[in-house]
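A quick write-up on the structure given underneath.
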Amino acid sequence: MGYFEFVMRTKLCSGENALEHLPYELSRLKVEKPLIITDKTLEKLGMLKLLTDALGNRAHALFTDVPPDSDLRKAEDAAALYRTEKCDGVIALGGGSVIDTAKDIIGCEELARGEFVPFAALPTTAGTGSEATSVAVIADTEKQVKLEIISDQMLPTLAVLDPRLTLGLSPRATAATAIDALCHAVEAYSCRQKNPVSDAFAFAAVKAILSALPEVVKNPQNKAARLELANASFMAGVAFSNSMVGAVHAIGHAVGAVCHVAHGEAMAILLPRVMRFNQCAEYRDLAVLFDDPEPVVALEVLLESLHKKTGLPITLSQTGKVAEADFDAIADKALNDGAILFNVKPLEKSDILKLLKDAF
């Protein structure tokens with residue numbers, strides 16, 4: 001067996017009313033005045049109030065100006081507010097963009113220049129797994145590029161999974177983020193850098209997603225199923241943070257960059273196509289979870305059902321954002337994405353173009 005490394009130092013607080021445990025955890029970390037980072041949508045939806053109610057009379061500063069795609073300049077603004085308000089910890093309440101913004105100001109040593117900054121991540125989606133990873137993607141709008149930052153320093157100190165925080169997700173967003181988590185797990189389980197420990201997290205994540213997602217789509221207010229999805233997203237995040245992903249993410253990142261397709265929706269479109277291309281033995285290990293000797297067939301059935309029930313697109317043309325004229329630019333960007341190096345099977349540009357044509 002080859003050498004591998006595995007890092008997981010985030011404390012997990014998961015369960016109904018997990019938010020109410022946050023004051024104790026902040027006291028344990030000696031945080032007296034945290035900076036809360038979130039966005040205006042979550043403030044309007046009442047998620048911020050859930051958090052501040054849980055904090056009680058604890059002092060805090062608030063930054064709500066996070067855009068849909070995390071932005072380098074906004075991260076700098078948040079860091080400036082942290083210093084001005086003399087904060088001593090960070091709470092990120094939101095999806096990947098919010099959590100990545102918090103990671104950027106911590107991982108780039110914007111706040112304490114290398115000193116420990118307690119960081120609590122409270123995800124409001126069950127998909128990105130950002131609360132468990134050492135990776136952040138942040139946009140430099142001036143240079144019109146997305147920067148991928150990787151540092152163990154960005155791992156959250158604490159992750160709080162409370163089903164109340166995901167109840168406001170629309171059916172389509174619920175499906176898209178859950179398939180994003182499924183893709184994290186499947187790619188982590190099959191990529192070139194997989195290891196026995198990441199395999200265990202990935203396998204468990206796939207099992208939980210396939211169990212909980214149909215129930216959440218059927219009954220969006222089912223807190224137990226919502227929590228199962230949140231736990232699965234965390235486990236998938238742990239898995240791919242320690243193994244990596246593959247061609248689904250490489251091509252998906254490119255589709256998002258060129259055509260602005262939502263990440264989870266790109267994953268739903270591309271995952272079955274890349275699985276058919278890879279045809280690797282690891283997928284057969286997952287057959288018992290999909291209850292089908294051909295997991296990709298079961299996945300396609302699931303995606304078709306999600307399309308009918310939630311409107312989740314399962315072809316590029318259904319997004320209304322992608323044209324065949326974009327394929328060349330997408331393929332070029334995908335080939336320059338680091339994730340493609342870890343795919344179980346090498347891809348040439350011609351392979352990517354064929355996948356895109358099939359997905360259209």
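The values are calculated or read from the model by the stated rules, or taken from the named source; none is laboratory data. The model shown is predicted, which means the values in this text are computed figures rather than measured ones. Using ideal geometry, Cβ is built from the backbone for each residue, glycine included, and neighbour counts are taken over all protein chains shown. We work out accessible area using only protein heavy atoms, side chains counted, and drop any ligands, DNA or RNA first. Shrake-Rupley method; radii C 1.70, N 1.55, O 1.52, S 1.80 Å.
Tabulated values for the structure
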| read-out | value |
| --- | --- |
| Structure-derived P(r) over Cα pairs in 20 Å bins from 0, in percent - corresponding label in [x] 32, 59, 9; [y] 29, 57, 14, 0; [z] 25, 47, 23, 4, 0 | [x] |
| Where trypsin sites (Lys or Arg not before Pro) fall in DSSP loop in segment 18-58, at most 16 other Cβ within 10 Å | Lys30, Arg58 |
| Equivalent ellipsoid dimensions for segment 202-292 as semi-axes, Å, which come from the Cα gyration tensor, largest first | 23, 18, 13 |
| Virtual spin-label span in nm between Asn57 and Asp77, 7 Å along Cα→Cβ | 3.3 nm |
| Around Asn17: net Lys/Arg minus Asp/Glu count, Cβ-Cβ under 12 Å | -2 |
| Pairs of alpha carbons in segment 41-186 whose separation is greater than 25 Å (percent) | 24 percent |
| Cα-based helix-to-principal-axis angle, 295-310 vs the chain, degrees rounded to 10 | 60 degrees |
| Debye, to nearest 20: dipole size of the chain, +1 on Lys, Arg Cβ, -1 on Asp, Glu Cβ | 500 debye |
| 17 Å Cα-Cα reach of Lys30 towards lysines, excluding residues that sit fewer than 8 places from it in its own chain | Lys11, Lys86 |
| Note, ³J(HN,Hα) from phi for segment 280-289, Karplus 6.51, -1.76, 1.60, rounded to Hz, x at Gly and Pro | 8, 5, 4, 4, 5, 5, 8, 4, 5, 6 |
| Rounded D (µm²/s) - segment 1-68, Kirkwood Rh over Cα pairs, Stokes-Einstein at 25 °C, 0.890 mPa s | 172 µm²/s |
| Gained length - Glu5 relative to Asp328, 0.36 nm times residue gap less alpha-carbon distance | 112.6 nm |
| Set of lysines with alpha-carbon distance to Lys349 below 28 Å, sequence-local pairs under 8 removed | Lys143, Lys146, Lys194, Lys321, Lys333, Lys357 |
| Helix axis angle, 196-218 relative to the chain longest principal axis, alpha carbon, degrees | 90 degrees |
| Segment 133-249: relative contact order as a whole-number percent, Cα under 8 Å and 6+ apart | 31 percent |
| Derived scalar couplings ³J(HN,Hα) [segment 325-332; Karplus, 6.51 cos²θ - 1.76 cosθ + 1.60; whole Hz; x for Gly, Pro] | 5, 7, 4, 5, 5, 4, 4, 4 |
| Angle between the chain longest axis and helix 349-359 axis [Cα atoms, degrees, rounded to 10] | 90 degrees |
| Residue-span extension gain [Ala281 to Asn219] - 0.36 nm each, minus C-alpha spacing | 18.8 nm |
| P(r) weight above 18 Å for segment 33-104, C-alpha pairs, percent | 31 percent |
| Total formal charge among the other residues, if their Cβ is under 11 angstrom from that of Ala262, Lys/Arg +1 and Asp/Glu -1 | -1 |
| Net charge of Cβ neighbours under 11 Å - reference Gly168; Lys, Arg +1; Asp, Glu -1 | +3 |
| Computed [θ] at 222 nm, deg cm²/dmol, the chain (DSSP H ≥ 4; -39,500 (n - 2.57); rounded to nearest 500) | -16000 deg cm²/dmol |
| Exposure rank, largest accessible area first [Val31, Val197; 1.4 Å] | Val197, Val31 |
| Percentage relative contact order, the chain, counting C-alpha pairs under 8 Å, at least six apart | 16 percent |
